[in-house]
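Accompanying notes for the structure given below.
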């Protein structure tokens, strides 16, 4: 520890939806902090944030903001990370980056502590926090891989609008009220803020998250595919994804089909395995209509898994339903868990 | 034709959500009707329905209601069909049943005209209309099977509440308004009317449609699996389904992964094939953010297909996104199309 009472922590993007959750999570988990620096874009600088009874003024993030910082949690968009994360590292900070800027860089560990905490040893200053929809899936896949081997994953997502920021939640609420009142409205944010066309999300489902790539997949789908292979160190794993945005504020759900290497695994085996896996709460009892739902996961740390059943044709195939709070385990919590792991492994100077 | 101007048509369940759509569809498609008999449960009997400028009084459905009827369209729940469909057949009517009562009976054709119209020749009085989520999928699968062969299908659904009746739409709207107003509410209908537990559907996703079977699958999922095999005459086809209810009023969406028999088919081939297939409108242009969405399909007859792309690992694998109005092609329209096919094939006495 650089200071006896804890670390100098900087939060970049402190006024955003994820930034807010990071501050709450640091407090809730009693992360050892000696000094807290809150940073943002010039536009949000000057705002005051109350944290543990103290008023902290948010400062504009600049290279010199990171002097003396031990751990910098970035969550202010890819361009801010690309510009300032290297500056923070130059000044001795370890960066935990919640954007997609460095996730696929070969010298940047992409970490979900339940899966690949050991990769933190290989960091060069920047550690990337994976995409929200990837995190909850790999937390579930890893114990399965360990026990039974893993060959193939096909996922269809049911994603909440908060993944697109607080403004997307406002848009969902406003559109919903307009439709109930039979009033006109104009979509402005979803599916993608900068895109040419915007569509109604209220009472609808939009099969586009992020921009399209040339191969017909969206960036979000390719993130799930590539990040899963990297986090699990399985370049040969077959992964396919279809990502869909729903009129849900918080909580991503995923319908996952997977094939293991063994053919004699039962659904009961799978349930026993996952009921004991780190970071997972099993919610699987059809008789009592017990299964995970986004409305139930909000504000909770774990990944919830249910509807586990064996494929009826493929002896190595299983179906399951995976739900998590996309702002917590999908973002803020995983970032803070990475910071905790760094401390535990003695990797913070 | 039994009468020079058309047929004596009975609609059982005329006051329900699907019954209403059947009446509208019969008119819109100018089905030749000489006499229209509207039937319902005792509870709804006596209601007046305006049809083509005429007021028709809804009568209680009884065995003798079917005397003289040529075609009876049933959509009043499985128990009504089980009781009265055989009575209608005894009296010379052909029954087109929109419930699950007879779908898997070996002597009952289960028909989607675009797929297996020829099966109508084998009817013994009752013809079953498949489950809504099955219909839109097999309309899409059949041209693919014909051209490239079909081995495997894995579907995750995104289903509208109207599949659970008009009361479920009311529940969605009421819950949604309550949440926006921060007022309490009590779920009463979804996920399944008769079930022990009811859950919030507004701003949520419920991975249960219909009751659970012992194997962990829901009836809805088993319907999709078994009906698909029967309609396509492919008992060996590998089909798996996960069915999820969304806060959408009308319009079912499906994320479908499929494997064909050939390995050299391209996404462009698949798009060309489906752009020309009966009952399908291709909506697939990522560059223009063109893809199907439930909000766009309401009131339209076709099945909308988009997001077609090749799997990145499996040379015979494809992903696509299939959307249709579950009350029309998923129910009323398909029933009326069956009636039209019966007339065209000379199968109505």
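Take peptides B:272-284, A:146-158 and line them up by average Cβ neighbours within 10 Å, highest first, as a rough protection proxy. Write out the running numbers ahead of the final one.
Values: B:272-284: 18.1, A:146-158: 21.2.
In descending order of packing, they fall as A:146-158, B:272-284.
At a Förster distance of 25 Å, what's the computed FRET efficiency of residue A:83 paired with residue A:170, Cβ-Cβ distance as r, to 0.05?
According to the calculation, E is roughly 0.35.
Using the 7 Å Cα-to-Cβ label point, sort the distances from residue A:215 to its equivalents in the other copies shortest first and give them in nm to one decimal.
Label-point distances to the other copies, shortest first: 3.3 nm.
At a 10 angstrom cut-off on C-beta neighbours, averaged per residue, how do the peptides B:296-306, A:12-22, A:81-91 rank from highest to lowest?
A:12-22, B:296-306, A:81-91
Please give, to one decimal in nm, the separation of the simple spin-label points placed at residue A:124 and residue B:266, each 7 Å out from Cα toward the Cβ.
3.8 nm
Kindly provide the helix-only [θ] at 222 nm of the protein assembly as shown, computed as the sum of -39,500 (n - 2.57) over DSSP H runs of four or more divided by all residues, to the nearest 500 deg cm²/dmol?
Counting only the DSSP helices, I get -8500 deg cm²/dmol.
Suppose we consider the axis relating copy A to copy B; can you name the residue of A with the nearest Cβ and state that distance in angstrom as an integer?
Smallest Cβ distance to the axis, with its residue: A:156, 2.
Residue by residue through B:302-309, how many Cβ atoms from other chains fall within 10 Å of the Cβ on average? It would help to have the intermediate numbers written out before the result.
Details: counts 0, 0, 0, 0, 1, 9, 1, 8.
Rounded to a whole number, the mean comes out at 2.
For the protein assembly as shown, divide the Cα radius of gyration by the Kirkwood radius and give the resulting Rg/Rh value with two decimals.
When Rh is taken as the Kirkwood radius, the ratio is 1.02.
Binning at 10 angstrom from zero up to the longest distance, how are the C-alpha pair distances of chain A distributed in percent?
Reading the bins upward from 0: 5, 25, 33, 25, 11, 2, 0.
Measuring from a point 7 Å out along Cα→Cβ, what nm distances, shortest first, does residue A:146 have to its partners in the other copies?
Computed spacing set for this position: 5.2 nm.
Run the numbers for residue A:43 and residue A:315: contour at 0.36 nm per residue of separation, minus the present Cα-Cα distance, in nm.
Here the answer is 92.3 nm.
Please report, for residue B:53, the nm distances (one decimal) from its label point, 7 Å out from Cα along the beta-carbon direction, to the equivalent points in the remaining copies, shortest first.
With the label placed 7 Å along Cα→Cβ, residue B:53 yields 8.1 nm.
What is the Cα centroid distance between the range B:272-330 and the range B:102-129, reported in whole angstrom?
Measuring centre to centre over Cα atoms gives 26 Å.
Spin-label point model (7 Å from Cα, Cβ direction): what's the residue A:106 to residue B:197 distance in nm?
Once both label points are built, they end up 4.9 nm from each other.
Let me confirm one metric for peptide A:280-289, namely the mean number of other chain beta-carbon atoms within 10 Å of its residues' beta-carbons.
Values: counts 0, 0, 0, 0, 1, 1, 9, 3, 3, 11.
Counting Cβ atoms of other protein chains within 10 Å of each residue's Cβ and averaging gives 3.
Quick one: the Cα spread of the range A:134-325 along its three principal axes, in angstroms, biggest first?
Principal extents (Cα only, largest first): 56, 42, 30 Å.
I'd like the FRET efficiency for residue A:5 and residue A:146, computed as 1/(1 + (r/R0)^6) with the beta carbon distance as r and R0 of 41 Å, rounded to 0.05.
That pair, residue A:5 with residue A:146, gives E of 0.60.
Could you tell me the extents of the range B:271-349's C-alpha atoms along the three principal axes, largest first, rounded to whole Å?
On the principal axes, the range B:271-349 reaches 53, 29, 17 Å in Cα extent.
For the range A:253-349, what relative contact order do you get, as a whole percent, if you take Cα pairs closer than 8 Å and at least 6 residues apart?
With pairs under 8 Å counted, the relative contact order is 30 percent.
Below 8 Å between Cα atoms, with a sequence gap of 6+, how large is the relative contact order for chain A in percent?
Working: 774 pairs, mean separation 62.4, N = 349.
With pairs under 8 Å counted, the relative contact order is 18 percent.
Can you compute the FRET efficiency between residue B:52 and residue B:344 using 1/(1 + (r/R0)^6), with r the Cβ-Cβ distance and R0 = 25 Å? Round to the nearest 0.05.
Working: r = 23 Å, r/R0 = 0.91.
In this case the efficiency is close to 0.65.
Please list the radius of gyration and Dmax for the range B:1-88, considering alpha-carbon atoms only, with Å as the unit.
Radius of gyration, then largest Cα-Cα span, for the range B:1-88: 12.1, 35 Å.
Let a ≥ b ≥ c be the square roots of the eigenvalues of the Cα gyration tensor of the range B:20-153; is it rounded (a/c under 1.5), or, if not, prolate (a/b larger than b/c) or oblate?
On the way: a/c = 2.19, a/b = 1.71, b/c = 1.28.
Prolate is the answer for the range B:20-153, as a/c is 1.5 or above and a/b outweighs b/c.
Coordinate-derived values only; no laboratory data. What you see is a predicted model, and the numbers here were worked out from it, not measured in a lab. Positions of Cβ are generated from backbone atoms using ideal geometry, with glycine treated the same way; all protein chains shown enter the neighbour counts.
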